[in-house]
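Accompanying notes for the structure given below.
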Amino acid sequence: MHALLLKAPQELSYEEVPVPTPGPGDLLIKVKATTTCGTDLKAFRRGHPMIPMPGPLGHEYSGVVVAAGEGAKFKVGDPIMGVHSAPCQTCYWCQHGQENLCETIMATMVLGSYAEYLLIPKRIADLNVFDKPDSISFEMASLLEPLACVAQGVSKLPLTPDSSVLVIGPGAIGLMFVAALKAVGVEDVTLAGRNAGRLAVGESLGAKTSFITEIPFGNPNRYDIVVECTGQVEVWEWSVNYSRRGGTVMLFGGCPSGTRASFDTAHLHYDQVTLLSPFHFGTDAVKMSRDWLLNSNMDLSPIISGERKLKEGRAVLEDLEASRGLKYVFKP
Ligand SMILES: [Zn+2]
Ligand SMILES: [Zn+2]
(Lines give C-alpha, C1' and ligand atoms only; values in the text may rest on other atoms or scores of the structure.)
(Ligands and ions follow the chains in the order given, each with its own letter.)
Protein backbone atom coordinates (compact mmCIF):
# COMPACT_ATOMS: atom_id res chain seq x y z
CA MET A 1 0.00 0.00 0.00
CA HIS A 2 1.02 3.64 -0.33
CA ALA A 3 1.82 5.63 2.81
CA LEU A 4 3.48 8.83 3.91
CA LEU A 5 6.52 8.30 6.15
CA LEU A 6 8.25 10.95 8.21
CA LYS A 7 11.95 10.16 7.76
CA ALA A 8 13.38 13.18 9.59
CA PRO A 9 12.24 16.75 10.27
CA GLN A 10 11.22 18.35 6.94
CA GLU A 11 11.53 14.98 5.19
CA LEU A 12 8.26 13.31 4.29
CA SER A 13 8.25 10.56 1.69
CA TYR A 14 5.50 8.77 -0.18
CA GLU A 15 6.36 5.08 -0.29
CA GLU A 16 5.14 1.56 -0.89
CA VAL A 17 4.95 -0.31 2.47
CA PRO A 18 3.46 -3.66 3.56
CA VAL A 19 -0.19 -3.74 4.67
CA PRO A 20 -0.27 -4.47 8.45
CA THR A 21 -1.81 -7.72 9.70
CA PRO A 22 -4.26 -7.49 12.62
CA GLY A 23 -3.60 -9.61 15.71
CA PRO A 24 -6.29 -10.79 18.17
CA GLY A 25 -8.82 -8.00 18.79
CA ASP A 26 -7.12 -5.62 16.34
CA LEU A 27 -8.83 -4.02 13.34
CA LEU A 28 -7.48 -3.23 9.91
CA ILE A 29 -9.39 -0.47 8.15
CA LYS A 30 -9.39 0.97 4.66
CA VAL A 31 -8.84 4.64 5.42
CA LYS A 32 -11.72 6.68 3.94
CA ALA A 33 -10.71 10.04 5.41
CA THR A 34 -7.74 11.28 7.42
CA THR A 35 -7.22 14.89 8.44
CA THR A 36 -4.05 16.85 9.09
CA CYS A 37 -3.29 18.04 12.59
CA GLY A 38 -1.06 20.56 14.33
CA THR A 39 0.80 17.67 15.97
CA ASP A 40 1.82 16.34 12.55
CA LEU A 41 3.05 19.78 11.63
CA LYS A 42 5.10 19.99 14.84
CA ALA A 43 6.64 16.59 14.05
CA PHE A 44 7.39 17.70 10.48
CA ARG A 45 8.99 20.93 11.70
CA ARG A 46 11.21 19.70 14.49
CA GLY A 47 10.31 16.13 15.47
CA HIS A 48 7.90 15.12 18.23
CA PRO A 49 8.53 13.03 21.38
CA MET A 50 5.42 10.89 20.70
CA ILE A 51 6.11 10.29 17.00
CA PRO A 52 9.07 8.01 16.23
CA MET A 53 11.19 8.84 13.16
CA PRO A 54 11.53 7.36 10.70
CA GLY A 55 7.94 6.20 10.90
CA PRO A 56 4.33 6.56 9.83
CA LEU A 57 2.30 9.72 10.37
CA GLY A 58 -1.36 10.66 10.82
CA HIS A 59 -3.78 9.89 13.64
CA GLU A 60 -7.14 11.46 12.72
CA TYR A 61 -9.11 8.92 10.72
CA SER A 62 -12.29 7.14 9.76
CA GLY A 63 -12.75 4.15 7.52
CA VAL A 64 -14.23 0.73 6.85
CA VAL A 65 -13.10 -2.50 8.53
CA VAL A 66 -11.42 -4.83 6.00
CA ALA A 67 -9.95 -7.38 8.44
CA ALA A 68 -10.70 -8.09 12.09
CA GLY A 69 -8.55 -10.11 14.49
CA GLU A 70 -10.09 -12.89 16.56
CA GLY A 71 -12.53 -11.51 19.15
CA ALA A 72 -12.56 -8.00 17.62
CA LYS A 73 -15.44 -5.73 18.52
CA PHE A 74 -16.24 -4.88 14.88
CA LYS A 75 -16.64 -6.98 11.74
CA VAL A 76 -15.52 -6.68 8.15
CA GLY A 77 -17.58 -4.05 6.32
CA ASP A 78 -18.35 -1.90 9.40
CA PRO A 79 -17.83 1.84 8.88
CA ILE A 80 -16.02 3.19 11.93
CA MET A 81 -14.68 6.35 13.54
CA GLY A 82 -12.17 6.46 16.36
CA VAL A 83 -9.42 8.24 18.22
CA HIS A 84 -5.75 7.28 18.48
CA SER A 85 -5.37 6.33 22.14
CA ALA A 86 -7.25 4.68 25.01
CA PRO A 87 -6.72 4.75 28.78
CA CYS A 88 -5.83 1.50 30.58
CA GLN A 89 -8.71 1.99 33.07
CA THR A 90 -6.68 0.35 35.86
CA CYS A 91 -3.86 2.74 36.82
CA TYR A 92 -4.09 5.31 39.65
CA TRP A 93 -5.19 8.14 37.32
CA CYS A 94 -7.76 6.06 35.47
CA GLN A 95 -9.20 5.03 38.84
CA HIS A 96 -9.36 8.65 40.02
CA GLY A 97 -11.33 10.23 37.17
CA GLN A 98 -8.26 11.41 35.25
CA GLU A 99 -8.12 9.01 32.32
CA ASN A 100 -6.51 11.74 30.24
CA LEU A 101 -3.43 11.36 32.44
CA CYS A 102 -3.36 7.53 32.27
CA GLU A 103 0.26 6.55 32.74
CA THR A 104 0.21 4.42 29.59
CA ILE A 105 -2.11 6.58 27.47
CA MET A 106 0.49 6.88 24.70
CA ALA A 107 1.98 3.40 25.10
CA THR A 108 -0.37 2.04 22.43
CA MET A 109 -1.30 4.45 19.66
CA VAL A 110 -2.96 4.52 16.29
CA LEU A 111 -0.35 6.09 14.08
CA GLY A 112 -0.08 5.98 10.30
CA SER A 113 -3.47 7.06 8.97
CA TYR A 114 -1.72 8.80 6.05
CA ALA A 115 -1.91 5.49 4.24
CA GLU A 116 -4.37 3.32 2.37
CA TYR A 117 -4.81 0.94 5.31
CA LEU A 118 -4.50 1.48 9.06
CA LEU A 119 -4.10 -0.94 11.96
CA ILE A 120 -6.12 -0.14 15.09
CA PRO A 121 -4.76 -2.03 18.13
CA LYS A 122 -7.23 -3.93 20.34
CA ARG A 123 -6.91 -1.59 23.32
CA ILE A 124 -8.20 1.33 21.25
CA ALA A 125 -10.57 -0.72 19.09
CA ASP A 126 -12.33 -2.01 22.22
CA LEU A 127 -12.76 1.33 23.97
CA ASN A 128 -12.50 4.31 21.64
CA VAL A 129 -13.73 3.15 18.24
CA PHE A 130 -17.41 3.52 17.26
CA ASP A 131 -19.79 2.77 14.42
CA LYS A 132 -19.92 5.64 11.95
CA PRO A 133 -23.56 6.21 11.05
CA ASP A 134 -24.54 7.27 7.52
CA SER A 135 -25.71 10.61 8.91
CA ILE A 136 -22.16 11.96 9.00
CA SER A 137 -19.47 11.92 6.34
CA PHE A 138 -16.17 10.08 6.74
CA GLU A 139 -14.53 13.50 6.55
CA MET A 140 -16.42 14.86 9.57
CA ALA A 141 -15.99 11.54 11.43
CA SER A 142 -12.22 11.98 11.09
CA LEU A 143 -12.50 15.01 13.38
CA LEU A 144 -13.55 12.88 16.38
CA GLU A 145 -10.06 13.06 17.93
CA PRO A 146 -9.28 16.80 17.80
CA LEU A 147 -12.86 17.51 18.86
CA ALA A 148 -12.37 15.16 21.84
CA CYS A 149 -9.44 17.35 22.97
CA VAL A 150 -11.76 20.35 22.76
CA ALA A 151 -14.50 18.44 24.63
CA GLN A 152 -12.06 17.70 27.46
CA GLY A 153 -11.41 21.46 27.70
CA VAL A 154 -15.05 22.51 27.46
CA SER A 155 -16.04 19.98 30.16
CA LYS A 156 -13.64 21.67 32.62
CA LEU A 157 -14.94 25.23 32.07
CA PRO A 158 -17.45 26.80 34.51
CA LEU A 159 -19.84 27.74 31.69
CA THR A 160 -23.32 29.21 31.93
CA PRO A 161 -25.47 30.25 28.94
CA ASP A 162 -24.62 33.91 29.60
CA SER A 163 -20.85 33.41 29.96
CA SER A 164 -18.69 35.75 27.89
CA VAL A 165 -15.84 33.75 26.36
CA LEU A 166 -12.73 34.92 24.53
CA VAL A 167 -11.00 32.32 22.38
CA ILE A 168 -7.48 33.39 21.37
CA GLY A 169 -6.01 31.78 18.26
CA PRO A 170 -8.16 31.03 15.18
CA GLY A 171 -6.44 27.78 14.19
CA ALA A 172 -8.42 24.55 13.81
CA ILE A 173 -8.57 23.99 17.59
CA GLY A 174 -9.67 27.56 18.38
CA LEU A 175 -12.36 27.28 15.69
CA MET A 176 -13.53 23.95 17.12
CA PHE A 177 -13.80 25.65 20.52
CA VAL A 178 -16.08 28.26 18.93
CA ALA A 179 -18.29 25.53 17.43
CA ALA A 180 -18.31 23.51 20.67
CA LEU A 181 -19.17 26.52 22.84
CA LYS A 182 -22.07 27.29 20.50
CA ALA A 183 -23.16 23.63 20.70
CA VAL A 184 -23.36 23.80 24.51
CA GLY A 185 -25.46 26.97 24.31
CA VAL A 186 -22.93 29.75 24.96
CA GLU A 187 -23.96 32.79 22.89
CA ASP A 188 -21.27 35.34 23.67
CA VAL A 189 -18.11 33.97 22.02
CA THR A 190 -15.37 36.24 20.69
CA LEU A 191 -12.52 34.84 18.58
CA ALA A 192 -9.28 36.79 18.55
CA GLY A 193 -6.35 36.56 16.17
CA ARG A 194 -4.48 38.16 13.31
CA ASN A 195 -5.38 36.00 10.30
CA ALA A 196 -8.40 37.61 8.59
CA GLY A 197 -9.30 34.48 6.62
CA ARG A 198 -9.39 32.34 9.74
CA LEU A 199 -11.37 34.95 11.67
CA ALA A 200 -13.92 34.89 8.83
CA VAL A 201 -14.29 31.13 9.34
CA GLY A 202 -14.90 31.88 13.03
CA GLU A 203 -17.66 34.29 12.07
CA SER A 204 -19.29 31.62 9.92
CA LEU A 205 -19.29 29.39 13.03
CA GLY A 206 -21.08 32.11 15.01
CA ALA A 207 -18.27 33.98 16.77
CA LYS A 208 -17.74 37.71 17.09
CA THR A 209 -14.20 38.42 16.01
CA SER A 210 -11.45 40.76 17.02
CA PHE A 211 -7.96 41.61 15.80
CA ILE A 212 -6.41 41.77 19.20
CA THR A 213 -2.83 41.22 20.09
CA GLU A 214 -0.99 41.79 23.32
CA ILE A 215 -2.44 44.43 25.59
CA PRO A 216 -1.24 45.30 29.05
CA PHE A 217 -2.80 44.33 32.33
CA GLY A 218 -5.68 46.61 33.28
CA ASN A 219 -7.47 46.45 29.92
CA PRO A 220 -11.20 47.11 30.00
CA ASN A 221 -12.18 44.14 27.84
CA ARG A 222 -12.65 41.43 30.38
CA TYR A 223 -14.23 38.06 29.88
CA ASP A 224 -15.67 35.45 32.22
CA ILE A 225 -13.61 32.82 30.43
CA VAL A 226 -10.51 33.04 28.25
CA VAL A 227 -9.33 30.07 26.17
CA GLU A 228 -5.78 30.30 24.84
CA CYS A 229 -5.27 28.16 21.71
CA THR A 230 -1.92 29.24 20.25
CA GLY A 231 0.70 27.37 22.29
CA GLN A 232 2.93 30.46 22.38
CA VAL A 233 4.44 31.42 25.73
CA GLU A 234 3.88 35.16 25.30
CA VAL A 235 0.21 34.55 24.50
CA TRP A 236 -0.14 32.36 27.61
CA GLU A 237 1.20 35.31 29.57
CA TRP A 238 -0.98 38.09 28.18
CA SER A 239 -4.13 35.97 27.80
CA VAL A 240 -4.50 36.22 31.59
CA ASN A 241 -4.98 40.00 31.25
CA TYR A 242 -8.31 39.37 29.54
CA SER A 243 -9.84 37.59 32.54
CA ARG A 244 -12.32 39.44 34.71
CA ARG A 245 -12.07 39.24 38.52
CA GLY A 246 -13.03 35.70 39.47
CA GLY A 247 -12.67 34.51 35.89
CA THR A 248 -11.09 31.40 34.40
CA VAL A 249 -8.26 31.17 31.89
CA MET A 250 -7.70 27.91 30.04
CA LEU A 251 -4.16 27.61 28.68
CA PHE A 252 -4.94 25.03 26.02
CA GLY A 253 -2.18 25.25 23.43
CA GLY A 254 0.89 23.22 24.41
CA CYS A 255 4.10 25.30 24.33
CA PRO A 256 7.51 23.93 23.29
CA SER A 257 9.04 21.82 26.07
CA GLY A 258 11.48 23.58 28.37
CA THR A 259 9.69 26.95 28.12
CA ARG A 260 8.46 28.93 31.14
CA ALA A 261 5.73 31.55 31.55
CA SER A 262 5.23 34.28 34.15
CA PHE A 263 2.08 35.96 35.41
CA ASP A 264 1.05 38.99 37.45
CA THR A 265 0.70 37.44 40.90
CA ALA A 266 -1.57 40.20 42.23
CA HIS A 267 -4.02 39.66 39.37
CA LEU A 268 -4.05 35.90 39.94
CA HIS A 269 -4.48 36.22 43.70
CA TYR A 270 -6.52 39.36 44.48
CA ASP A 271 -8.66 38.97 41.38
CA GLN A 272 -8.88 35.24 42.02
CA VAL A 273 -8.20 34.11 38.48
CA THR A 274 -8.35 30.35 37.96
CA LEU A 275 -5.81 28.85 35.55
CA LEU A 276 -6.54 25.53 33.87
CA SER A 277 -4.39 23.66 31.38
CA PRO A 278 -6.00 20.38 30.37
CA PHE A 279 -4.09 17.73 28.40
CA HIS A 280 -5.50 15.13 25.98
CA PHE A 281 -8.86 13.50 26.78
CA GLY A 282 -10.60 10.69 28.64
CA THR A 283 -13.40 8.43 27.39
CA ASP A 284 -16.12 10.87 28.54
CA ALA A 285 -14.67 13.56 26.28
CA VAL A 286 -14.60 11.14 23.34
CA LYS A 287 -18.30 10.39 23.95
CA MET A 288 -19.06 14.10 24.16
CA SER A 289 -17.22 14.71 20.89
CA ARG A 290 -19.08 11.89 19.19
CA ASP A 291 -22.37 13.21 20.50
CA TRP A 292 -21.65 16.66 19.08
CA LEU A 293 -20.77 15.22 15.67
CA LEU A 294 -23.83 12.98 15.56
CA ASN A 295 -26.54 14.85 17.41
CA SER A 296 -25.91 18.57 17.37
CA ASN A 297 -26.14 20.75 14.31
CA MET A 298 -22.44 21.50 14.62
CA ASP A 299 -21.02 21.98 11.14
CA LEU A 300 -17.24 21.78 11.12
CA SER A 301 -16.92 21.69 7.34
CA PRO A 302 -15.58 25.29 7.16
CA ILE A 303 -12.50 24.05 9.06
CA ILE A 304 -11.52 21.68 6.24
CA SER A 305 -9.57 23.71 3.69
CA GLY A 306 -9.79 21.09 0.97
CA GLU A 307 -8.99 17.55 -0.16
CA ARG A 308 -5.42 16.68 -1.14
CA LYS A 309 -3.67 13.64 -2.52
CA LEU A 310 -1.42 11.53 -0.27
CA LYS A 311 1.44 11.76 -2.72
CA GLU A 312 1.55 15.54 -2.32
CA GLY A 313 1.85 15.15 1.46
CA ARG A 314 5.02 17.17 1.72
CA ALA A 315 3.48 20.14 -0.12
CA VAL A 316 0.45 19.90 2.16
CA LEU A 317 2.56 20.19 5.31
CA GLU A 318 4.51 23.04 3.73
CA ASP A 319 1.23 24.82 3.02
CA LEU A 320 0.15 24.37 6.64
CA GLU A 321 3.54 25.58 7.81
CA ALA A 322 2.98 28.77 5.80
CA SER A 323 -0.58 29.14 7.23
CA ARG A 324 -2.10 28.32 3.83
CA GLY A 325 -5.20 26.45 4.96
CA LEU A 326 -6.40 25.20 8.34
CA LYS A 327 -6.76 21.47 7.99
CA TYR A 328 -6.66 19.28 4.88
CA VAL A 329 -8.25 15.89 4.29
CA PHE A 330 -6.75 12.91 2.45
CA LYS A 331 -9.04 10.18 1.11
CA PRO A 332 -6.38 7.57 0.26
ZN1 LIG B 1 -4.73 15.46 16.06
ZN1 LIG C 1 -4.54 4.24 33.12
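Some notes on this structure:
- DSSP bridge orientation in the chain - percent antiparallel, rounded to nearest 5: 55 percent
- The range 9-26 - phi-based ³J(HN,Hα) in whole Hz, Karplus 6.51/-1.76/1.60, Gly and Pro as x: x, 6, 10, 10, 10, 9, 9, 8, 9, x, 6, x, 10, x, x, x, x, 7
- When its C-alpha radius of gyration is set against 2.2 N^0.38 Å (N residues), the range 75-181 gives a value of 1.23.
- Quick note on the chain: its Rg to Rh ratio, both from C-alpha atoms and Rh being the Kirkwood radius, is 0.97.
- Contact order for the chain, expressed relative to its length and based on alpha carbon pairs under 8 Å spaced 6+ residues apart, stands at 18 percent.
- Charge dipole (the chain, unit charges on Cβ, about Cα centre) - positive-most of Leu147, His84, Val31: Val31
- Phi angles across the range 314-329 convert, under the Karplus curve 6.51 cos²θ - 1.76 cosθ + 1.60 with θ = phi - 60°, into 3J(HN,Hα) values of 4, 5, 5, 5, 5, 4, 5, 4, 8, 6, 8, x, 9, 7, 10, 10 Hz, Gly and Pro given as x.
- For the range 154-195 and the range 27-55, distance of Cα centres in Å: 26 Å
- When peptides 83-90, 34-41 are sorted by average Cβ neighbour count within 10 Å, with the highest value leading, the order is 34-41, 83-90.
- Considering only alpha-carbon pairs that sit under 8 angstrom and 6 or more positions apart, the relative contact order computed for the range 157-276 is 23 percent.
- Per-peptide average of other Cβ atoms within 10 Å, ordering 266-273, 304-311 highest first: 304-311, 266-273
- Surface share of carbon and sulfur [accessible, 1.4 angstrom probe, percent] for the range 157-276: 51 percent
- The chain: most fluctuating residue of Ser262, Ser164, Ser239 per GNM, C-alpha cutoff 10 Å: Ser262
- Value of D in µm² per second that Stokes-Einstein yields for the range 157-276, Kirkwood Rh from Cα pairs, at 10 °C (1.306 mPa s): 112 µm²/s
- When you work out D = kT/(6 pi eta Rh) for the range 1-72 at 4 °C and 1.567 mPa s, using the Kirkwood radius from C-alpha pairs as Rh and the Stokes-Einstein form, the result is 96 µm²/s.
- Rounded to whole Å, the principal axis extents of the Cα atoms in the range 1-158 read 45, 38, 30, largest first.
- Estimated from helical segments only, the mean residue ellipticity of the chain at 222 nm is -7500 deg cm²/dmol, where each DSSP H run of four or more residues counts as -39500 (n - 2.57).
The values are calculated or read from the model by the stated rules, or taken from the named source; none is laboratory data. Note that the structure is a prediction, hence the values are computed from the model and not measured. Here Cβ is always computed from backbone atoms with ideal geometry, including for glycine, and neighbour counts include all displayed protein chains. Note: accessible area is taken over every heavy atom of the protein model, side chains too, but ligands, DNA and RNA are not part of it. Shrake-Rupley method; radii C 1.70, N 1.55, O 1.52, S 1.80 Å.
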